[in-house]
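To start, the structure under review is shown below, and the notes come after it.
The values are calculated or read from the model by the stated rules, or taken from the named source; none is laboratory data. All values reported here derive from a predicted model rather than from experimental measurement. Every residue, glycine among them, receives a Cβ derived from its backbone with ideal geometry; neighbour counts consider all protein chains shown.
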C-alpha cells in the first residue's frame, strides 16, 4: 500500500513540476513578445491559427480552435485589424457569419514573430539534445489523454 501512495505522491509532484515549467515558460514568452515585439501571446496564437489555415476562417471556428469565447476572439481580431494584419469579411450567403484572414502584411509580421518565438523557445530548452527530446516526447505520450499529433517531430 505504501508503494502505491509513494508512487501516487511522485506522480503528483511530477505534475506540479510540469505545471510550473509550463507556467514559467509561458510567462517568459508573454514578456518576451510584449517587450521585444509590443504584442501579446493571445495575438500571436490567433495569428498562428490564421497562418496555418491559409484560407479565410469563420470567427466561430477560430474561437473553437483556440478554445476561447467568441467575444475574446472578436476583441483580438479587432486589434489585429486596426494594425492592418487581419481582414474581416461577411459571408455573402449569411451576413451574420464573419470570416477572417491574415493580410499580406499580417502574414509577413507573423513570420517574423514565429521565427523569434521559435528562437526563444529554443533558448528555453537549450539543455535538451535530440535524444533527450525523443525520450521526453515518448514519456509524455505515455500520459493518458495525450491526443496531440506529433507526426512532425
Q. Got at least one residue in region 146-153 being within 22 Å of residue 28 (Cβ to Cβ), free of Cβ contacts under 8 Å to residues at least 24 places away in the same chain and outside any helix (DSSP H, G or I)?
A. yes
(Q) touching a residue at least 24 places away in the same chain (Cβ under 8 Å) and more than 20 Å from residue 54 (Cα to Cα): which single residue out of 86, 91, 97, 121 fits that description? (A) 121
Q. Can you tell me how many residues in region 1-53 are over 23 Å from residue 69 (Cα atoms) and without any contact (Cβ under 8 Å) to a residue 12 or more places away in the chain?
A. 25
Q: Mind listing just one residue for me: the one in region 84-100 that is more than 21 Å from the chain's Cα centre (by Cα) and in a loop (DSSP other than H, G, I, E, B) and, of those, surrounded by the most Cβ atoms within 10 Å (Cβ to Cβ)?
A: 84
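Mind checking whether some residue in region 141-148 is touching a helix residue (DSSP H, G or I) at 6+ places or on another chain (Cβ under 7 Å) and at pLDDT 95 or above? It would help to see each step written out before you state the result.
Step one: filter region 141-148 for residues touching a helix residue (DSSP H, G or I) at 6+ places or on another chain (Cβ under 7 Å), giving 146.
When the remaining residues are screened for being at pLDDT 95 or above, the result is none.
Within region 141-148 (the criterion being touching a helix residue (DSSP H, G or I) at 6+ places or on another chain (Cβ under 7 Å) and at pLDDT 95 or above), the answer is no, since none of the residues qualifies.
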Q.
For the list (1) touching a strand residue (DSSP E or B) at 6+ places or on another chain (Cβ under 7 Å); (2) farther than 24 Å from residue 32 by Cα; (3) not in a strand (DSSP E or B), I need the number of the one condition that residue 140 fails.
A. (1)
Q: Please work out which residue is surrounded by the most Cβ atoms within 10 Å (Cβ to Cβ), limiting yourself to region 54-67 and to residues that are without any contact (Cβ under 8 Å) to a residue 12 or more places away in the chain and more than 22 Å from residue 95 (Cβ to Cβ).
A: 54
